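**Q** Can you keep this structure in mind? I'll have questions shortly.
Each reported figure results from applying straightforward, stated rules to the coordinates on display, with no laboratory input. Small disclaimer: the values here were computed from a predicted structure and weren't measured.
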Amino acid sequence: MGEQTEFEPGDRAPNDGEYIEIGEASFHTGIQNPKRVMMQRGERFPETSNHRRKWKKFNQ
């Protein structure tokens, strides 16, 4: 059992940082202009552009 890496709108951010929308299948689906948000620990994730997308921590 590991740490959760994908988050639904309304979930709380586990850590401070930048999060990005990802597609249904994987991180490499080639979404054009994905939403990015800066989150503080405990804040709720906003709605995504599409009901099949999720949020994932953005690691540069």
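**Q** For the chain, what does the equivalent ellipsoid look like in terms of its semi-axes, each the square root of 5 times an eigenvalue of the Cα gyration tensor, given largest first in whole Å?
**A** Output for the chain: semi-axes of 17, 13, 11 Å.
**Q** If you don't mind, there's one more thing I want to ask. Report the relative contact order of the chain, percent, no decimals, based on alpha-carbon pairs under 8 angstrom and at least 6 residues apart.
**A** Value for the chain: 48 percent.
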